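Here's the structure we're looking at; comments come further down.
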Amino acid sequence: MCSDPTGRSFRESVDRECWSLGGGGILVGPRCITEWTRVVHELALATSLIDAAVGEARAHRGRSITGVRCRIGRLRQVDDQLLREAFEVAKAGTLASHAQLEVVYTPILLECLECGLRTDLEAWRFDCPRCAAVRVRLDGGDEMELASLDVEVDDAD
């Protein structure tokens, strides 16, 4: 979490030091620049989630989104705390302004081409935990899916 000399959190710093550029763009002031560069990846993911959620909600006459559930693969190297903070920034002023985020992280499956072991990759080691072979195949872990939404819809006319 970003902490500037006044002890403000990243969110507080963004609220105070970011200015809208229109079209969803954000410009950051000089404070928390280091933290900002760390959160750019998560902000892009959060913005994509919000854009997709709002598009779906509008297509179904939604007036408010209260929940966003997504699946994100471990290969995406998402920092959960930064994603949650970026989600708070990205949802402001949208149909999802009161939405809660639920994230399911999906594993990377390692298949050893020597001994046939299939297992979830627990660490960033790309050799077989059983036989130490380096001839392996990776599957999954790169997902970024909007899984479901909780949407309040307008009553039919």
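Every number in this text was worked out from the coordinates using simple rules, so none of it is lab data. If you're wondering where the values come from, they're calculated on a predicted model, not measured in any experiment. Glycine also receives a Cβ, built like all others from the backbone with ideal geometry; neighbour counts cover every protein chain displayed.
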Fill in: Nitroxide proxy distance, nm - points 7 Å out along Cα→Cβ at ARG84 and ARG63
3.1
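What net charge do the residues around MET144 carry, taking every other residue with its C-beta under 12 Å from that of MET144, with Lys and Arg at +1 and Asp and Glu at -1?
-1
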Discussion item. At R0 = 30 Å, how high is the FRET efficiency between HIS41 and GLU111 if r is their beta carbon distance? Nearest 0.05 is fine.
Written reply: 0.60
Worksheet item: Amide H to amide H, which residues 5 or more places from MET144 or on other chains are under 5 Å from it, using H placed in the peptide plane?
Response: GLY73
Practice prompt. Would you order CYS70, CYS112 from fewest to most other beta-carbon atoms within 10 Å of each residue's own beta-carbon?
Written response: CYS112, CYS70
Fill in: Per-residue Cβ neighbour rank within 10 angstrom, fewest leading, ILE72, ILE108
ILE108, ILE72
